[in-house]
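In what follows, a structure is listed as structure tokens, so that the remarks can point back to it.
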Amino acid sequence: MTTAQLFDAAIVGAGPGGSTAALGLARAGYKVVLIDKSSFPRHKVCGDAIPNNAMRLLQEHYPDLAIRIREDAACPIDGYQAFWKGRRIAQGSWSMQAINSARKSFDQVLLEAALEEPNCQLAAPHRIQTVRRQSDGNWQLTDNHGESFWARALILAQGANGDFRQQIGMPSMNKSQWGVAGSQYRTQSGSMPNRNLFFIPKSISLPGYFWIFPVGENRCNVGFGVISKQPVKLKSLYEEVCQKDPKIAQFLEGTQTETEFQGHKIPIPTKPIRNSAPGVLLIGDAAELVDPLYGHGIDKAIISGYWAAEALIQGFAKKDLKSFEKYEEQIQTRLWPEMRSSYRKMKWLSLLTRIA
Ligand SMILES: Cc1cc2nc3c(=O)[nH]c(=O)nc-3n(C[C@H](O)[C@H](O)[C@H](O)COP(=O)(O)OP(=O)(O)OC[C@H]3O[C@@H](n4cnc5c(N)ncnc54)[C@H](O)[C@@H]3O)c2cc1C
């Protein structure tokens with residue numbers, strides 16, 4: 001690929017947010033480059049539970065893609081059970097068939113859909129280090145080897161790691177409100193029930209939860225996430241919980257570890273922040289769009305990616321990329337009500353966990 005060409009949009013990060021935005025722009029006829037530091041397919045530390053809101057958006061706007069995900073990359077989930085310190089406190093199912101999907105497959109299917117569009121290219125591996133708006137309004141993105149890309153507009157979709165906010169003239173991310181979560185894959189020789197299990201473990205006094213989510217082929221994603229203002233030794237806490245919580249140990253009996261436990265940070269938003277500036281939009285984790293209670297963000301990455309593409313398509317049509325007020329309003333009015341309610345529940349959970 002020659003990097004000297006001017007793209008309509010450059011997107012940093014080919015996760016669910018970046019690929020959805022690329023798909024929207026490329027299908028509307030705009031030239032897009034998706035830039036990622038990893039080669040694909042790549043693993044992403046996650047719980048692999050695909051929120052139904054993500055599938056709803058894909059089904060409505062890209063039904064072909066929703067079918068491909070369900071057929072090629074999904075483990076159907078019939079329901080859930082939740083346990084509080086060893087006792088079952090809830091169980092149920094959802095009105096729409098839920099799915100889990102290992103991120104290596106899920107992200108790949110989304111990326112391939114975008115790359116099938118002739119206007120969309122992937123540049124990987126390239127770790128973007130600097131983004132700069134030039135005097136003509138175009139963006140120059142430069143990677144750690146000094147290679148540059150140029151584009152009329154920029155979408156920042158690089159996830160929770162890496163913050164380009166200061167480089168685009170915005171305040172940097174609020175680092176005091178972060179969660180940390182990690183997971184590993186386990187296998188079992190027999191089949192597993194298709195339901196997601198949530199646990200508040202016995203011995204832990206930090207707000208958070210432990211999960212066992214089946215991902216198909218007798219594999220499950222087992223993980224643990226907490227919110228803490230102090231540094232946490234997550235792997236040791238995870239191992240302690242696996243061994244000492246009798247309910248969790250019971251469910252894990254007979255499983256073999258397939259991969260190492262890996263941790264990753266999760267932004268925990270407390271209030272809406274601006275996610276756009278002239279010529280640039282932030283989406284997904286880079287925009288701190290994560291449910292503060294569950295730590296889920298795949299749906300918000302896909303939804304904000306779709307809206308960001310719409311915002312740019314309208315901006316290109318009007319030859320005006322100065323501001324994206326509709327995008328800001330969509331985030332505030334359509335994502336924040338649920339996130340605000342989850343934030344309140346997370347505060348209650350935090351209090352209850354400490355008291356119990
Ligand atoms: C342990 C854990 C469990 C989770 N479980 C769930 C769950 O079950 N369900 C759910 O909905 N959410 C879950 N989440 C949250 C979810 O993973 C994120 O919200 C989601 O991945 C956000 O998507 P994204 O597209 O914004 O970013 P990402 O998926 O993080 O993608 C960002 C991409 O940008 C690339 N990148 C990063 N920096 C650069 C750079 N400088 N240059 C170029 N490329 C770069 C990365 O390689 C990556 O491919 C979990 C998170 C964690 C940590």
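Throughout, read-outs are computed from the coordinates displayed, never taken from laboratory work. Small disclaimer: the values here were computed from a predicted structure and weren't measured. Note that we place each Cβ from the backbone using ideal geometry, even for glycine, and neighbour counts take in every protein chain shown.
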Quiz item: From a point 7 Å beyond the Cα of Asn218 in the direction of its Cβ, which residues of the stretch 182-199 have a backbone N at a distance under 12 Å?
Solution: 187-192
Quiz item: In what order do His145, His43 fall by count of nearby beta-carbon atoms within 10 Å, going from fewest to most?
Solution: His145, His43
Quiz item: Against the longest principal axis of the chain, how steep is helix 16-27, in degrees 0 to 90 to the nearest 10, with axes from Cα atoms?
Solution: 40 degrees
Quiz item: Principal axis lengths of the stretch 1-136 from Cα atoms, whole Å, largest first?
Solution: 61, 32, 26
Exercise. Using only Cα atoms, locate the centre of the stretch 189-229 and the centre of the stretch 142-180, then give the distance between them in Å, rounded to an integer.
Key: 31 Å
Practice problem: Note the full-extension length gain between Val232 and Glu325 as 0.36 nm times their separation in residues minus their Cα-Cα distance, in nm to one decimal. | Solution: 29.7 nm
Quiz item: What is the log10 of I(q)/I(0) for the stretch 130-202, computed with the Debye formula using one identical point scatterer on each Cα and no solvent, at q = 0.12, 0.14 Å⁻¹?
Solution: -0.61, -0.70
Quiz item: If R0 is 51 Å, what FRET efficiency do you get for Gln140 and Gln59 from their C-beta distance, rounded to 0.05?
Solution: 0.85
Exercise. Please quote Rg/Rh for the stretch 178-266 to two decimal places, taking the Kirkwood radius as Rh and restricting both calculations to Cα atoms.
Key: 0.95
Self-check item: the chain: angle of helix 336-355 to the longest principal axis, Cα-based, in degrees nearest 10
Solution: 30 degrees
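How high is the FRET efficiency from Ser191 to Ala317, r the C-beta distance, R0 56 Å, rounded to 0.05?
That gives a FRET efficiency of 0.60.
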Quiz item: With axes computed from alpha carbons, what is the tilt in degrees of helix 103-115 against the longest principal axis of the chain, rounded to the nearest 10 within 0 to 90?
Solution: 20 degrees
Self-check item: Centre separation in Å (Cα based) which lies between the stretch 14-59 and the stretch 269-294
Solution: 16 Å
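What fraction of the DSSP beta bridges in the chain is antiparallel, stated in percent and rounded to the nearest 5? Walk me through the intermediate numbers first.
Working: 50 of 73 bridges.
Expressed as a percentage, antiparallel bridges in the chain total about 70.
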Quiz item: Using the reciprocal of the averaged 1/r over all distinct C-alpha pairs, how large is the Kirkwood radius of the stretch 215-335 in Å?
Solution: 17.4 Å
Practice problem: Output the Cα-based Rg and Dmax of the stretch 281-356 in Å, rounding Rg to one decimal and Dmax to a whole number. | Solution: 15.6, 57
Exercise. Would you mind checking which residues have amide H under 5 Å from Arg42's amide H? H placed 1.01 Å from N; only 5 or more apart, or other chain.
Key: none
Quiz item: Projected area of the chain, taken from the Cα convex hull and averaged over every viewing direction, in nm²?
Solution: 17.3 nm²
